[in-house]
1. Mean projection of the alpha-carbon convex hull of the stretch 645-745 over all orientations, in nm²?
2. Could you tell me which residue out of 524, 559, 570 lies farthest along the dipole of the stretch 469-592 toward its positive end? Charges go on the beta carbon: Lys and Arg +1, Asp and Glu -1, centred on the Cα centre.
3. So which trypsin sites (Lys or Arg not before Pro) in the stretch 635-740 pass both tests, a DSSP loop state and at most 16 other Cβ atoms within 10 Å of the Cβ?
4. Just want to confirm a number: the relative contact order over the chain, from Cα pairs under 8 angstrom separated by 6+ residues, in percent.
5. Helix-only mean residue ellipticity at 222 nm, the chain, DSSP H runs n ≥ 4 weighted -39,500 (n - 2.57), per residue, nearest 500. What is it?
6. Run through the DSSP bridge list for the stretch 59-181 and note the antiparallel percent, rounded to the nearest 5.
7. With the cut-off at 18 Å, tell me which of the pairs 544/670; 140/221; 544/599 have Cα atoms farther apart than that.
8. First measure r as the distance between the Cβ atoms of residue 605 and residue 726, then evaluate 1/(1 + (r/R0)^6) with R0 = 25 Å and state the FRET efficiency to the nearest 0.05.
Amino acid sequence: MITLHQNGVYFVGGKLIPDTPENASQTANLNKEEAKKGTIAYDILTSHNVSGNDEHLQLKFDALASHDITFVGIIQTARASGLSKFPIPYVLTNCHNSLCAVGGTINEDDHLFGLSAAKKYGGIYVPPHMAVIHQYMREKMAGGGKMILGSDSHTRYGAIGTMAVGEGGGELVKQILSKTYDVDMPEVIAIHLTGTPVPGVGPQDVAIALVGAVFQNGFVKNKVMEFIGDGIKNIDMDFRNGIDVMTTETTCLSSIWCTDEQTEEYLATHNRASDYKKLSPKDVAYYDGYIEIDLSTIRPMIALPMHPSNAYEIEEFHKNAGDILRKVELDAVDLIGNPKVSLKLTDKLHNGRLKVDQGIIAGCAGGTYSNISEAAQMLAGHAIGNDAYNLSIYPSSQPVMMQLMKNGDIGSLMASGATIRTAFCGPCFGAGDVPANNGLSIRHSTRNFPSREGAKPANGQIASVALMDARSIAATTLNGGMLTAATEIDWKAKAPKYYFDSTPYDSRIYDGWEKAKPEEELVFGPNIVDWPEMPALPNHILLKVASFITDPVTTTDELIPSGETSSFRSNPLGLAEFTLSRKDPDYVPRAKAIHALEKAREEGNVSALSDVLSKIRSLSGFEALSEKDFGIGSVVYAIKPGDGSAREQAASCQRVLGGVANIAKEYATKRYRSNLINWGMIPFLIEGEPPFKRDDYLFVPNITEILKGDMSSIPAYLIGDTVTSFTLSVAPLTDTERQIILDGCLINYYKH
């Protein structure tokens with residue numbers, strides 16, 4: 001059972017005391033402001049803050065992490081901004097663009113670039129298939145009281161005692177250049193765990209139940225989730241890590257857990273006993289809200305397409321499967337937005353049971369030792385069968401795979417007919433094990449957004465993913481693909497003790513930390529391209545609406561697709577060709593046409609805008625507006641853009657195509673808004689229904705002056721048959737963020 005409490009709560013001597021009038025006598029002598037300093041999060045954040053102001057934080061992290069979809073662009077941006085060497089440990093993993101057949105040589109070219117950068121600037125390079133990014137950081141980098149910043153949204157190491165944040169590449173560039181991550185002190189929400197999970201329930205079950213409870217209502221959005229309570233001791237470290245990594249799907253900023261003897265043993269097992277630190281709230285702590293989770297009440301869960309929050313208990317789902325699946329099919333019509341294809345799930349029902357086509361256990365969430373070992377024990381001595389259903393297993397690192405081999409689990413899985421793959425994140429974002437057309441895949445991975453499994457609706461393809469725990473995936477496999485909760489199987493097992501063997505890492509990983517070699521030359525492939533020049537923000541901007549999206553939430557996968565497009569992430573203009581290709585296929589030609597208008601304006605030719613300009617000149621004060629007095633750019637409107645990945649390319653692709661702004665009712669995540677800012681784009685907000693539509697012109701005068709002052713009410717004009725005024729706003733910006741937008745992007749800011 002999961003219960004949300006909006007009111008604050010004191011945590012005194014291990015007891016929760018809600019901050020309500022009924023408890024006034026118990027809390028009268030407690031100082032709320034002092035008690036807020038009693039959280040684990042407060043201690044870690046303030047110890048990394050260099051601003052001197054604990055309300056407005058300027059954080060410096062202990063380490064950085066990127067994978068091969070993001071590190072080339074980050075290093076290229078940092079190079080253009082004055083990079084000389086990495087000031088803190090920076091881990092470059094190669095777990096996303098690992099399939100080097102895609103796009104010819106370009107993926108391996110990126111890998112060689114990463115190795116050469118690690119040598120030149122003093123980084124740590126983890127070769128392809130060695131470890132997925134977050135497993136390596138758990139094993140080798142995370143520790144008590146630390147902070148780590150990663151260019152992947154699932155950067156979460158709270159269970160080990162590290163506050164970790166996933167952000168766009170621009171924020172890592174700031175750290176590389178010895179600058180700061182600026183954020184106001186976030187609210188902290190207590191996640192109070194009690195009870196013990198029943199056999200068959202795994203970390204993904206708890207995670208899906210939690211995401212289902214808090215995503216839609218924004219309960220923890222941009223806040224810190226702090227896990228406390230006696231229930232923590234009843235789950236092992238793999239279980240904790242499995243819940244923790246999925247906190248990203250709640251849209252929280254970060255997470256942190258109480259640490260204990262199991263945490264200490266985990267770090268000692270990984271030869272890092274000195275990195276353990278006992279973390280717990282002080283005798284009196286105050287949380288801004290709290291969530292109670294009784295682990296004993298959690299049942300096997302399924303997150304149906306197309307979001308991790310579309311959560312159901314499997315047992316309850318079976319009771320009303322037809323109606324639930326019909327609703328998913330209807331919801332998918334708008335989410336996919338392509339009349340050529342339609343998601344059909346009800347035809348997979350057989351006597352009321354759902355038959356799935358594929359099982360995957362993979363990545364930072366699913367590929368851990370305990371998940372795979374317990375799935376292997378369930379499948380031992382059984383055959384998957386030779387029909388269409390198949391099962392693929394991706395251990396999260398070579399050390400994990402070695403231990404699974406030593407204890408016999410790999411052999412057992414192979415004997416059952418499961419296929420064993422190397423450490424690779426592909427199934428999480430559509431670059432591995434893409435299902436057949438109309439296929440439904442069940443996965444212990446992180447996301448199931450539209451097309452996240454790799455299908456291409458624009459090409460008439462459709463497939464989907466449901467998220468489940470490894471144990472229920474194994475139970476479903478035993479049942480020939482008929483959806484089955486692990487609690488339905490008469491089975492009790494526990495993974496044997498884990499022994500970490502660092503030999504694969506010792507043999508292959510390049511550790512250049514504090515060994516920078518400035519004389520080394522970077523190795524460039526033909527697809528690795530510098531960022532194009534981006535202009536500073538003009539005083540007046542004429543925007544044309546290039547895309548108008550009315551979905552309740554727009555994911556970063558929809559803004560810039562994952563999968564095969566990942567191979568182009570080292571080529572800004574090449575990647576930009578895919579912008580919004582799954583959501584609004586005509587966006588790119590529209591954006592290019594608008595950018596062509598700006599190029600013509602720069603050359604003094606505004607004849608194509610004569611009618612628009614005549615209407616602007618009818619406004620008081622703009623009678624003499626010339627082509628030199630304003631700039632033209634495209635703008636994307638979406639209700640709530642930016643859910644999901646940290647990938648900065650969701651913003652940078654709009655920018656290199658001439659984008660100047662987004663307009664939204666709200667931004668789904670801080671990281672997407674930060675990406676817009678770091679690429680010089682204005683994150684406008686609008687209340688109510690917008691007065692404009694796609695292809696309309698919007699005029700926003702005096703924007704450079706407005707951005708320097710009060711941004712709560714920004715005059716704007718719709719240039720249609722008549723000129724109509726309306727109001728935009730921008731949520732508060734730091735002085736640095738204001739200047740980045742004014743300069744046109746982070747690169748320009750550092751050049752100045």
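Just so it is clear, none of the values below were taken in a lab; they were calculated from the coordinates. Because the structure is a prediction, the values reported are computed rather than measured. Cβ: placed from backbone, ideal geometry, glycine included. Neighbour counts: every protein chain shown.
1. Its Cα hull, projected and averaged over all orientations, spans 6.5 nm².
2. 559
3. Answer by residue number: 665, 693, 694, 708.
4. It comes to 15 percent, rounded to a whole number.
5. Estimated from H runs of four or more residues: -8000 deg cm²/dmol.
6. The answer is about 15 percent antiparallel.
7. Numbers: 544/670 25 Å; 140/221 29 Å; 544/599 14 Å.
With Cα atoms farther than 18 Å apart: 544/670; 140/221.
8. Details: r = 29 Å, r/R0 = 1.17.
Efficiency for this residue pair is about 0.30.
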